[in-house]
């Protein structure tokens, strides 16, 4: 299956100059979504993950489906103020400002093996912050999985010590 056939390019969204890769057409197609989830679930099982973590917001869609298919638990990483219990947080820089990600303090146990699943790898800032949260809780990140990788932005270069699985490379 050619997953890229299910991705729509949206020019100038959310700002001029950005070529947004819309995954909603892939996840709307049951066969394409199942095939993508199955490939990423296989990756999680190969890495012997115990949990799947997905960052806000499209990481919830893909990550929770991967966790279900792999028979693993799912942990959301959210923006501040969205989780109801005690959290840990990590602040990080964006090219246009700052952001913060949060995770329940007790979500990942020390020594647990985690695969992080998201829709897109661009510069790697969100992924780096998510890794820091998991490591701060004592978890071990054993792999990163994505539907899409924007190769020219070299996000993968930030994670040379981790296995990275992408289904589509632009």
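Bear in mind these aren't lab numbers, they're just calculated from the coordinates by the rules spelled out. Owing to the predicted nature of the structure, the values given are computational and were not obtained by experimental measurement. Reconstructed Cβ throughout: ideal geometry from the backbone, glycine too, with neighbour counts over all protein chains shown.
Scan the stretch 61-88 for residues that are surrounded by fewer than 14 Cβ atoms within 10 Å (Cβ to Cβ) and either under 14 Å from residue 104 (Cβ atoms) or touching a strand residue (DSSP E or B) at 6+ places or on another chain (Cβ under 7 Å) (or both) and jot them down. Break it down into steps so the answer makes sense when it comes.
Start the filter on the stretch 61-88 by keeping residues that are surrounded by fewer than 14 Cβ atoms within 10 Å (Cβ to Cβ), which leaves 71, 80-82, 84-86.
80, 81, 82, 84, 85, 86, listed by residue number.
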Residue in the stretch 40-57 that is surrounded by the fewest Cβ atoms within 10 Å (Cβ to Cβ), counting only those that are farther than 15 Å from residue 134 by Cβ, in contact (Cβ under 8 Å) with a residue 40 or more places away in the chain and touching a helix residue (DSSP H, G or I) at 6+ places or on another chain (Cβ under 9 Å): 43
Does residue 142 meet the test of being surrounded by fewer than 21 Cβ atoms within 10 Å (Cβ to Cβ) and in a strand (DSSP E or B)? yes
Would you mention how many residues in the stretch 96-126 are over 14 Å from residue 52 (Cβ atoms) and not in a strand (DSSP E or B)? 11
